[in-house]
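What follows is a single structure, written as structure tokens, with notes after it.
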Amino acid sequence: MLKVFGKGLLLAAGGAGAGAVVYYRNDLPQLQYDAAGAAGSFLKLLDAERAHDVGVWLAQKQLFPRDSRPDPPSLQTRVWGRDFSNPIGLAAGFDKNAEAMEGLLGLGFGFIEVGTITPLPQGGNPKPRVFRLPELSATINRCGFNSKGVDAANVNLLNYRLKLIRDHSELARSKVEDQTGTPDQLTRSAGLVAVNLGKNKICEDPAADYCVGVTKLGPFADFIVINVSSPNTPGLRALQGKKELEKLMRRVKATRDGMEWGERGPPPLLIKMAPDVDGPGRADIAALTIRLGLDGLVVGNTTISRPLQVQAHPTGAEEGGLSGQPLMDLSTEVLKDMYRHTRGRVPLVGCGGVCSGEDAYRKIRAGASLVELWTSMAYEGPALVPRLKRELAECLERDGFKSVEEAVGADLPEEEVKSWWRSWF
């Protein structure tokens, strides 16, 4: 299906949904973004995973539109000493093998999280394993960490970093900074890349698997995420238990801390936790994060729970993790709990159900310093990203916040956070 808008060739493409759009020209006006929703209906005829693979390939070839507009100053934020042009990121699971970073960052994300990447290549669970629930803007997947392994990702991440260095050098030589900003600013505008690490399905020593990922991929990561929360790898969620998680994270942190990192220091180390963790388990994870000096949490992953509207859906009985809009309330409540538990002492990344700028704002007010999405983009396409940023900036202005940082945790009064903290220690 092809459509022409102005001088740009419009080509339908996308992920789990049918909204993604690819353009022949990379730098396009808003009009062509607005055409996204009408352009991808043929993808409904494709298997969900096949449609996703097409989307990754197109991003890899940089055929997605590029959001070249500067982000509003209110969205710029600083976390772990790293500058984000905006707090909106692409969650792990889209670019599993770090193959399409430049094209995805060009959509306007402040950062992306690649992975989950396992030490050795593995095919994951049998297909079909990704299922659409389009009426609910949701998907169910049981992929099982399908990954090309750390060696393939190492090559991709190295090549990406080398390209950034080359681009930086070319900008410096051409003195572009005199007109459009410093080379450092222009390099940062490409966005940051986090690396999400997992273990192989067949594994005798899970900690060793994660340490392999840290050693081989950590040097290319702006931050590292340890995924112990996917419901699709047998035994993985057991690593969220108090004793198991402490043993795991002590080894992983020791591996990171024992490496040479240069002036910038080691990449921040985060745990990705499930939204299904119960109250005592949440408190344990928060206390461990503070005690071990970890750098943050991604809250959370897909859920094995099924809200009523999902139970009533013909596809709702499929096994696997549920993502998308039905996850918003649960994941945000867990996020709020984790902000209370950590007393705001470590940055939290809010993930789950974000479909609008208002959703992202709700995550921030619940305690998130950064916000991730994926399923909503699979349905709505690249036009979602600039729209969401615009809506988020409007939410901040409406409520009198001059920056993202000012709004973090705004829904939790300071005294409430302190009282929760005292009750755990």
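Read-outs throughout are calculated quantities, based only on the coordinates presented, and are distinct from any laboratory measurement. Here the structure is a predicted model, which means the values were calculated and not measured. All Cβ positions, even for glycine, are placed from backbone atoms using ideal geometry, and neighbour counts span all protein chains on display.
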Trypsin sites (Lys or Arg not before Pro) within segment 186-269: DSSP coil, no more than 10 neighbouring Cβ in 10 Å: R264
With θ set to phi - 60° and the Karplus curve 6.51 cos²θ - 1.76 cosθ + 1.60, what are the ³J(HN,Hα) couplings of segment 356-363 in order, to the nearest whole Hz, using x for Gly and Pro? 7, x, 5, 4, 4, 5, 4, 4
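Share of Cα-Cα pairs in segment 289-425 beyond 18 Å, in percent? Please report the intermediate quantities before stating the final value.
Details: 5408 of 9316 pairs.
In whole percent, the share of Cα-Cα pairs in segment 289-425 beyond 18 Å is 58.
Which percentage, to the nearest 5, of the DSSP beta bridges contained in segment 70-424 is antiparallel? It would help to have the intermediate numbers written out before the result.
On the way: 13 of 41 bridges.
Here the antiparallel bridges make up roughly 30 percent for segment 70-424.
Which of the GluC sites (Glu not before Pro) found in segment 252-321 are in a DSSP loop and have at most 11 neighbouring Cβ atoms, other than their own, within 10 Å? Don't skip to the answer; put the middle values down first.
Numbers: sites: E260, E263, E318, E319; in loops: E260, E263, E318, E319.
Of the GluC sites (Glu not before Pro), the ones in loops of segment 252-321 whose Cβ has at most 11 other Cβ atoms within 10 Å are E260, E263.
Express the C-alpha Rg of segment 189-253 as a ratio against the empirical globular expectation 2.2 N^0.38 Å, rounded to two decimals. All intermediate terms of the calculation are to be shown ahead of the outcome.
Values: Rg = 12.4 Å, N = 65, 2.2 N^0.38 = 10.7 Å.
So segment 189-253 has a normalised radius of gyration of 1.15.
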Where q = 0.11, 0.12, 0.14 Å⁻¹, what log10 of I(q)/I(0) comes from the Debye formula for segment 70-424, counting one point per Cα? -0.70, -0.85, -1.19
For segment 285-324 versus segment 198-225, the gap between their alpha-carbon centres in whole angstrom: 21 Å
Ellipsoid equivalent to segment 88-127 - semi-axes via the Cα gyration tensor, in Å: 23, 9, 9
